[in-house]
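Computed from the coordinates by the stated procedures, all read-outs in this text should not be read as laboratory data. None of these values were measured; they are calculated from a predicted model. FYI the Cβ positions are ideal-geometry reconstructions off the backbone, even for glycines, and counts take in every protein chain you see.
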Amino acid sequence: MRLLTGADILAFHETRYDLLVLDGGEFTHLDRSDIEDGQRVDSYLTVTTTGGGEVQVLLERSAVVAGDWFPDALDADGTLSPVVADEMASVINCDADLRTIFAVREIRALTAAWEEASAEADRLAALRACRIADFAAACGSQSAAARSLGMDHSTVNKLVKKAARQ
């Protein structure tokens, strides 16, 4: 996930959509008709779409066009200034707390991946201990198994004990 850029705001302005929103970590454009009726649509609020999803409103087209937020945003032809778009993005990133939102999402995803990998590592470690215990029994001693496997005798001993606890 990335922060909002001036290029995102320029692209939004050119599309003529009503709203620039954050939808599941992605920036997208919606019209007001895409929002469930009766909801207050304001910057940084989370609203429900007609499809049932939730999005965070980042910017309304009217804020750019009306000139109340940045009076010098548009030139005489109605073109949005790239410098102003960059400044808008910076303000939105800060005000909408996108750095925190993205950090939390990334940390949650990394935690889930770590837990999954940890569970797999634990499963493989238990399987390894059982196989080494079986091999040691087939060899007749832990010392013989350790020599055959090129492992330290104490490691084989610990793994045999671990397998016995499972």
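Placing +1 at every Lys and Arg Cβ and -1 at every Asp and Glu Cβ, with all other atoms neutral, what dipole size does region 96-166 have around its Cα centre, in debye to the nearest 20? Provide the component values of the computation, followed by the final result.
On the way: 11 positive and 8 negative charges, 58 e Å.
The calculated dipole for region 96-166 is roughly 280 debye.
Quickly rank 38-49, 86-97 as a protection proxy: mean count of other C-beta atoms within 10 Å, highest first. Could you put the intermediate results ahead of the total?
Numbers: 38-49: 12.6, 86-97: 16.7.
Ranking the peptides 38-49, 86-97 by packing returns 86-97, 38-49.
Can you tell me, using C-alpha contacts under 8 Å and at least 6 residues apart, the relative contact order of the chain as a whole percent? Don't skip to the end; give the middle numbers.
On the way: 188 pairs, mean separation 30.9, N = 166.
Reported as a whole number, the value is 19 percent.
Taking a ≥ b ≥ c as the square roots of the eigenvalues of the Cα gyration tensor of region 40-132, is the shape rounded (a/c under 1.5), prolate (a/b larger than b/c) or oblate? List each step's numbers first, then the result.
Numbers: a/c = 4.88, a/b = 3.00, b/c = 1.62.
Judged from the Cα gyration tensor, region 40-132 comes out prolate (a/c at least 1.5, a/b above b/c).
Once amide H atoms are placed 1.01 Å from N in the peptide plane, what residues at a sequence separation of 5 or more from Tyr17, or on another chain, have their amide H within under 5 Å of its amide H?
The list, which skips near neighbours in sequence, is empty: none.
Between rounded, prolate and oblate, where does region 1-73 land on the alpha carbon gyration tensor, with a ≥ b ≥ c its root eigenvalues, rounded for a/c under 1.5, else prolate if a/b exceeds b/c?
oblate
Would you mind working out the magnitude of the charge dipole of the chain relative to its Cα centre, with +1 at each Lys and Arg C-beta and -1 at each Asp and Glu C-beta, to the nearest 20 Debye?
Numbers: 16 positive and 27 negative charges, 449 e Å.
Around 2160 debye, computed over the chain.
Mind checking which of Leu59, Ala138, Ala119 is farthest towards the positive end of region 13-166's charge dipole, using Cβ charges of +1 (Lys, Arg) and -1 (Asp, Glu) about the Cα centre?
Of the listed residues, the answer is Ala138.
Take the alpha carbon gyration tensor of the chain, find the square roots of its eigenvalues, order them as a ≥ b ≥ c, and report rounded if a/c is under 1.5; if not, report prolate when a/b exceeds b/c, else oblate.
Numbers: a/c = 5.69, a/b = 3.59, b/c = 1.59.
It is prolate, given that a/c is not under 1.5 and a/b is the larger ratio.
Using θ = phi - 60° and the Karplus curve 6.51 cos²θ - 1.76 cosθ + 1.60, what whole-Hz ³J(HN,Hα) does each residue of region 115-124 get, with Gly and Pro shown as x?
4, 5, 5, 5, 4, 5, 4, 4, 4, 5
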